[in-house]
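Worksheet: one structure, shown below.
The values are calculated or read from the model by the stated rules, or taken from the named source; none is laboratory data. Keep in mind that this is a model prediction, so the values were computed, not measured. In this analysis, Cβ positions are derived from the backbone assuming ideal geometry, glycine residues included, and neighbour counts consider all displayed protein chains.
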Amino acid sequence: MTEQVRLSQEKETLLMALYLRALDNRRRTPILGDRFAQDVVDRIDYDFGRLGNLKGNAPLIATRARQFDAWTRDFLDGHPDGLVLHLACGLDSRPLRIDRPATAQWIDVDYPDVIELRQRLYGPIDGVRALGSSVIEEAWWDEVPTDRPALVLAEGLLMYLAPDDVDRLVDRALRHFPTGRLVFDGVAPWVKTVAGMQPSMRRADTGFRWAMPAPEAFAKKHPPLRLLDERSAVDLIAGHQSAAARAVTRALAHVPPVRDAMRFLRYGFTS
């Protein structure tokens, strides 16, 4: 039985990421291997053929998810009683892909209609609580514990927010938790411009609104953040390519604008 999907245009980006993770899963040697994504795509009544021009982005989306999974496992290994706060979770299957300690808490946040669709497709997930709200609203924070170390995940989110909303959201998280990690991805200013030219993004009436400044400058703007790790998406993708493609990608990685097109960042904080 297929599920009808009725989402406003700007929320179709969550279907883009889902589709690309499913494409990766079909590869002979997947980067992420998200079998849950393929299952959900097969159950959704949606013309994914509309997203065909995005196929080339599948390695990027799978590589990003794989890196964020690794950082999530690392956090839970060190903080088995910690809290994972997944902002704009969309239809991501991370709590199913990762072995979570029974003592940990996990909270997903997204728009109410996205959470409703998510629960229809995945069903209840043990140890996971879902909050239906825009992440830039304030009220939902009252439902989030303040007494645990936290991992705040903002995968594929901040670039879609207005710069002022990025600042408010990050500062709100830093005030809320006593200690933790902040993990997100950021794009270079030139990527912000080019991404808006993609037909699928124009059709969804969405585009990048925020570009990542220098990582240390971001930390300085949002004390008490401290940079723990920075990864170039280009460098990470090269590790999953054929020898010939890897040589080309690594050559491009020596060009700073290309190397810094998208970065995955992990910060620590203690209030």
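Residues Arg21, Arg35, Arg28: which one is surrounded by fewer than 16 Cβ atoms within 10 Å (Cβ to Cβ) and touching a helix residue (DSSP H, G or I) at 6+ places or on another chain (Cβ under 7 Å)? Don't jump to the end; show me each part of the working.
Working: Arg21 fails: surrounded by fewer than 16 Cβ atoms within 10 Å (Cβ to Cβ); Arg28 fails: touching a helix residue (DSSP H, G or I) at 6+ places or on another chain (Cβ under 7 Å).
Every option except Arg35 fails the conditions.
Condition (residue is touching a Pro at 6+ places or on another chain (Cβ under 8 Å) and modelled with pLDDT of 95 or more) applied to segment 36-44: is it met by at least one residue?
Here is the first cut: in segment 36-44, the ones touching a Pro at 6+ places or on another chain (Cβ under 8 Å) are none.
Scanning segment 36-44 turns up no residue that is touching a Pro at 6+ places or on another chain (Cβ under 8 Å) and modelled with pLDDT of 95 or more.
Across segment 226-271, what is the number of residues that are within 19 Å of Val187 (Cβ to Cβ) and either in a strand (DSSP E or B) or at pLDDT 80 or above (or both)? If you could, list the steps in order and put the result at the bottom.
We begin by selecting, within segment 226-271, every residue within 19 Å of Val187 (Cβ to Cβ); these are 227, 229-238, 249, 252-253, 255-267.
From what's left, either in a strand (DSSP E or B) or at pLDDT 80 or above (or both): 227, 229-237, 260-267.
Looking only at that region, the number is 18.
Would you confirm whether any residue within segment 165-176 is loosely packed, with under 15 Cβ neighbours inside 10 Å and in contact with a strand residue (DSSP E or B) (Cβ under 6 Å, 6 or more places away or on another chain)?
Among the residues of segment 165-176, not one is loosely packed, with under 15 Cβ neighbours inside 10 Å and in contact with a strand residue (DSSP E or B) (Cβ under 6 Å, 6 or more places away or on another chain), which makes the answer no.
For segment 101-112, which residues satisfy the criterion of being under 16 Å from Ala150 (Cα atoms) and surrounded by fewer than 22 Cβ atoms within 10 Å (Cβ to Cβ)? Talk me through it step by step, then tell me what you get.
Here is the first cut: in segment 101-112, the residues under 16 Å from Ala150 (Cα atoms) are 101-109.
Residues satisfying the conditions are Pro101, Ala102, Thr103, Ala104, Gln105, Ile107.
Considering only segment 138-173, state which residues are more than 19 Å from the chain's Cα centre (by Cα) and either assigned to a loop (DSSP other than H, G, I, E, B) or not charged (D, E, K, R) (or both).
Filtering segment 138-173 down to residues more than 19 Å from the chain's Cα centre (by Cα) leaves 138-149, 164.
Answer for segment 138-173, where residues must be more than 19 Å from the chain's Cα centre (by Cα) and either assigned to a loop (DSSP other than H, G, I, E, B) or not charged (D, E, K, R) (or both): Glu138, Ala139, Trp140, Trp141, Val144, Pro145, Thr146, Asp147, Arg148, Pro149.
Taking into account only those residues within segment 180-194 that are surrounded by fewer than 18 Cβ atoms within 10 Å (Cβ to Cβ) and within 19 Å of Phe218 (Cβ to Cβ), which is nearest to the chain's Cα centre (by Cα)?
Taking segment 180-194 as the starting set, the residues that turn out to be surrounded by fewer than 18 Cβ atoms within 10 Å (Cβ to Cβ) are 189-190, 192-194.
Pick out the ones that are also within 19 Å of Phe218 (Cβ to Cβ) and you get 189-190, 192.
Values: Pro189: 19, Trp190: 20, Lys192: 17 Å.
The residue in question is Lys192.
For segment 13-69, enumerate the residues that are of a type in the set (Lys, Arg), out of contact with any strand residue (DSSP E or B) (no Cβ under 7 Å at 6 or more places or on another chain) and under 16 Å from Gly90 (Cβ atoms). So that I can check it myself, show each step before the final result.
Within segment 13-69, the subset of a type in the set (Lys, Arg) is 21, 26-28, 35, 43, 50, 55, 64, 66.
Subsequent filtering for residues that are out of contact with any strand residue (DSSP E or B) (no Cβ under 7 Å at 6 or more places or on another chain) retains 21, 26-28, 35, 50, 55, 66.
Listed by number, the list holds a single entry, Arg21.
Considering (1) free of Cβ contacts under 8 Å to residues at least 12 places away in the same chain; (2) at negative phi, say which one Ala65 fails and leave the rest.
(1)
Suppose we filter segment 47-95 for residues that are surrounded by 19 or more Cβ atoms within 10 Å (Cβ to Cβ) and part of a loop (DSSP other than H, G, I, E, B); how many remain?
Summing the residues that are surrounded by 19 or more Cβ atoms within 10 Å (Cβ to Cβ) and part of a loop (DSSP other than H, G, I, E, B) in segment 47-95 gives 8.
Scan segment 97-141 residue by residue and report those that are among the hydrophobic types (A, V, I, L, M, F, W, C) and touching a Lys or Arg at 6+ places or on another chain (Cβ under 9 Å).
Keep residues of segment 97-141 that are among the hydrophobic types (A, V, I, L, M, F, W, C), which gives 98, 102, 104, 106-107, 109, 114-115, 117, 121, 125, 128, 130-131, 135-136, 139-141.
If the condition is that a residue be among the hydrophobic types (A, V, I, L, M, F, W, C) and touching a Lys or Arg at 6+ places or on another chain (Cβ under 9 Å), then Ile98, Ala104, Trp106, Ile107, Val114, Leu117, Leu121, Val128, Ala130, Ile136, Trp141 are the ones that fit.
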